[in-house]
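Novice: Please see the structure below; I have some questions.
The values are calculated or read from the model by the stated rules, or taken from the named source; none is laboratory data. Just so it is clear, the model here is predicted, and its values are computed rather than measured. Here Cβ is always computed from backbone atoms with ideal geometry, including for glycine, and neighbour counts include all displayed protein chains. Side chains included, ligands, DNA and RNA excluded: accessible areas come from the protein's heavy atoms. Shrake-Rupley method; radii C 1.70, N 1.55, O 1.52, S 1.80 Å.
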Amino acid sequence: QVQLVESGGGLVQPGGSLRLSCVVFGTIFRATAMCWYRQGPGKQRALVADVTDGGTTNYADSVKDRFTISRDGALNTANLQMNSLRPEDTGVYYCEAIVRGDKYWGQGTQVTVSS
């Protein structure tokens, strides 16, 4: 059974940094894409960044030049380096992996940006 485990969330002051990690367990296949979504208070879940197996990345406009997504294909992991954090980055961050056409989600990790 494929499972995703996220880590790295927490409380940080505006302007600070956090690094989120997502590891895919339970499959021998490489994820064709791994994504990070964010669900802010009272908002719908929205894509923050994604990266394909080939290394192509995509970012939401609101995080460009601040966030960097990376992955280690051999280990089926994806990281999200978040710099210059703002209060509006607050939310639950979810990792998604696409493995053999099926989508899998992690349980989410809370990120709170506040002074």
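Novice: Which of the cysteines found in the chain have nothing to pair with, since no other Cys Cβ lies under 4.7 Å from theirs?
Specialist: Those would be Cys35, since no other cysteine Cβ in the chain comes under 4.7 Å of theirs.
Novice: Pop the C-beta distance of Leu75 and Gln110 into the FRET formula with R0 = 25 Å and round what comes out to the nearest 0.05.
Specialist: So, using R0 = 25 Å, E works out to roughly 0.55.
Novice: So what's the projected area for the chain, the Cα convex hull averaged over all directions, in nm²?
Specialist: 6.6
Novice: To continue, here is another question. Given R₀ = 22 Å, what would the calculated FRET efficiency be for Asn58 paired with Ile28, taking r from the Cβ atoms and rounding to 0.05?
Specialist: Once rounded, the FRET efficiency stands at 0.25.
Novice: Hey, rough spin-label estimate for Arg86 and Gln1, points 7 angstrom out along Cα→Cβ, what's it come to in nanometres?
Specialist: Going by the 7 Å Cα→Cβ label model, 4.0 nm.
Novice: Please give the per residue accessible area of segment 1-76, computed with a probe of 1.4 Å over protein heavy atoms only, in Å². Please report the intermediate quantities before stating the final value.
Specialist: Numbers: 4300 Å² over 76 residues.
Accessible area per residue, segment 1-76: 57 Å².
Novice: How many nm separate the modelled label positions at Gln39 and Lys103, each set 7 Å beyond the Cα in the direction of the Cβ?
Specialist: 1.3
Novice: Taking all protein chains as present, what is the carbon and sulfur share of the accessible area of the chain, in % to the nearest whole number, probe 1.4 Å?
Specialist: The computed percentage sits at 48.
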